[in-house]
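Heads up: the structure comes next, in structure tokens.
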Amino acid sequence: MSDDARKALRSRLIASRKAFAQETPLLAQEAEQAAQDRILACRAWQNARSVGLYVPIRGELSTRRLLQAAWREGRRCLLPRCLSGGAEAWGQMAFHDCPDEGALLPGSFGILEPDPARCPVADEPPDLLVVPAVALDRDGYRLGYGGGYYDRLLARSGWENVRTLGLVFALQVVDRLERRPWDRPLCGLATEEELTWLRD
């Protein structure tokens, strides 16, 4: 798949996700809730002492139920912060221990991120990492916005064996995405219709 074809696929799926949310908002909210409930009910969540989540942007699926459950249940909740500081930090992010919603502040690109003054950088990866995507395929490969943040994260020492779960609407699941050498497949996917583990 050429770069132009990837861009076209990305644009088409972002438009489909946006249309779903705008044209049938109640169905979209129910789908978001159902997908999160599948995660809350799975053994990987129930056994996790720490969970890595995200604050959604640009129409990504909500993680509010997951965040609230993690804080309520006393799990360590790790959230990403995009790094700044020159070319060496481009496309990199750090996960911070975030104790509550009040510890979030607008950061890079206006995204809510953990306040580094209140939220220390996590000293180890989470037991379960929930990952956003524009598309996921049936082998766990993902298409994101093109920045490579999660591919770089999952290639980092200590993160390569983290249990990862993509969170998307069912309409974002495709049969197969092109593999590139640096792509890191996820362990499973969660939608309003299913939670499927593809690898340990």
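The values are calculated or read from the model by the stated rules, or taken from the named source; none is laboratory data. Because the structure is predicted, anything quoted here is derived from the model rather than measured. Using ideal geometry, Cβ is built from the backbone for each residue, glycine included, and neighbour counts are taken over all protein chains shown. Ligands, DNA and RNA are excluded from the accessible area calculation, which covers all protein heavy atoms including side chains. Shrake-Rupley method; radii C 1.70, N 1.55, O 1.52, S 1.80 Å.
Worth a mention:
- LEU13 satisfies every condition listed in (1) open to solvent by 40 Å² or more (accessible area, probe 1.4 Å); (2) more than 15 Å from GLU194 (Cβ to Cβ) except (1).
- Some residue of segment 181-190 being within 28 Å of LEU9 (Cβ to Cβ), without any contact (Cβ under 8 Å) to a residue 60 or more places away in the chain and over 17 Å from the mean Cα position of the chain (by Cα): yes
Rundown of residues vs (1) open to solvent by 70 Å² or more (accessible area, probe 1.4 Å); (2) touching a helix residue (DSSP H, G or I) at 6+ places or on another chain (Cβ under 7 Å); (3) within 14 Å of GLY166 (Cβ to Cβ), yes/no style:
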| position | (1), (2), (3) |
| --- | --- |
| GLN36 | no, yes, yes |
| ALA48 | no, no, no |
| PRO56 | no, no, yes |
| LEU66 | no, yes, yes |
| MET93 | no, yes, no |
| LEU104 | no, no, no |
| LEU112 | yes, no, no |
| ALA122 | no, no, no |
| ALA135 | no, yes, yes |
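- Annotation: of all residues in segment 1-25 being in a loop (DSSP other than H, G, I, E, B) and of a type in the set (Ser, Thr, Tyr), the one that is nearest to ARG179 (Cα to Cα) is SER2.
- Counting the residues of segment 137-152 that are open to solvent by 30 Å² or more (accessible area, probe 1.4 Å) and in contact (Cβ under 8 Å) with a residue 60 or more places away in the chain gives 5.
- Among the residues of segment 180-200, those identified as open to solvent by 40 Å² or more (accessible area, probe 1.4 Å) and modelled with pLDDT under 90 are ARG180, PRO181, TRP182, ARG184, ARG199, ASP200.
- For segment 153-173, residues that are open to solvent by 30 Å² or more (accessible area, probe 1.4 Å) and modelled with pLDDT under 95 total 6.
- Which listed residue is within 14 Å of the chain's Cα centre (by Cα), of a type in the set (A, V, I, L, M, F, W, C) and either closer than 12 Å to PHE95 by Cβ or open to solvent by less than 20 Å² (accessible area, probe 1.4 Å) (or both), from LEU129, LEU177: LEU129
- Residue match in segment 80-87 (condition: touching a helix residue (DSSP H, G or I) at 6+ places or on another chain (Cβ under 8 Å), basic (Lys, Arg) and part of a strand (DSSP E or B)): yes
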